[in-house]
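To start, the structure itself, in structure tokens.
The values are calculated or read from the model by the stated rules, or taken from the named source; none is laboratory data. Just so it is clear, the structure is predicted and the values come from calculations on it, not from any experiment. When we count neighbours, we look across all protein chains shown, and the Cβ atoms used for this are built from the backbone with ideal geometry, even at glycine. SASA here: full protein model, heavy atoms, side chains in, ligands and nucleic acids out. Shrake-Rupley method; radii C 1.70, N 1.55, O 1.52, S 1.80 Å.
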Amino acid sequence: SYQQTPFVQELIDMLSTRHREHNDNSTLDYHVFYEAEDATESTVKKGFDVIKSFEPDLIIAMGGGRTMEAAKLMHVLYEEPTADLKGLSDHFGGMQHWFDNEN
């Protein structure tokens, strides 16, 4: 599970330190979405809802394969909420299988 890896916390700590150094010791606001390991259409939409409610200036994705593809689609939906997710899936690693197998 990504929640148990030290890399996420190390990145948060590094970014927080840099942010404080350059922003008068202000606190870095962040949200970590761990649910992209099992990337499906519903996961992408759930991640998009989190991103939309948080309104980040920056999105950072960590992982491989489907996790990164899900993050790309979440970002596209954040920038273009009316985008056709199923149509875009073919442009991001041929992920049409997500939509064929989801309940």
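Quick notes
- Extension gain (nm, one decimal) between Met62 and His22, 0.36 nm per residue minus Cα-Cα: 12.0 nm
- Label sites at Val32 and Asp84, each approximated as a point 7 angstrom past Cα along Cα to Cβ, lie 3.8 nm apart.
- Solvent-accessible ranking of His19, His31, His75, largest area first, probe 1.4 Å: His31, His75, His19
- Per-residue SASA remark: Glu35, around 90 Å² accessible (1.4 Å probe; ligands, DNA and RNA not included).
- Taking all protein chains as they are arranged and a probe of 1.4 Å, the heavy atoms of Lys45 leave approximately 100 Å² accessible to solvent.
- Protein-only accessible surface order, largest first, of Phe33, Phe54, Phe48, Phe7 at 1.4 Å: Phe7, Phe54, Phe33, Phe48
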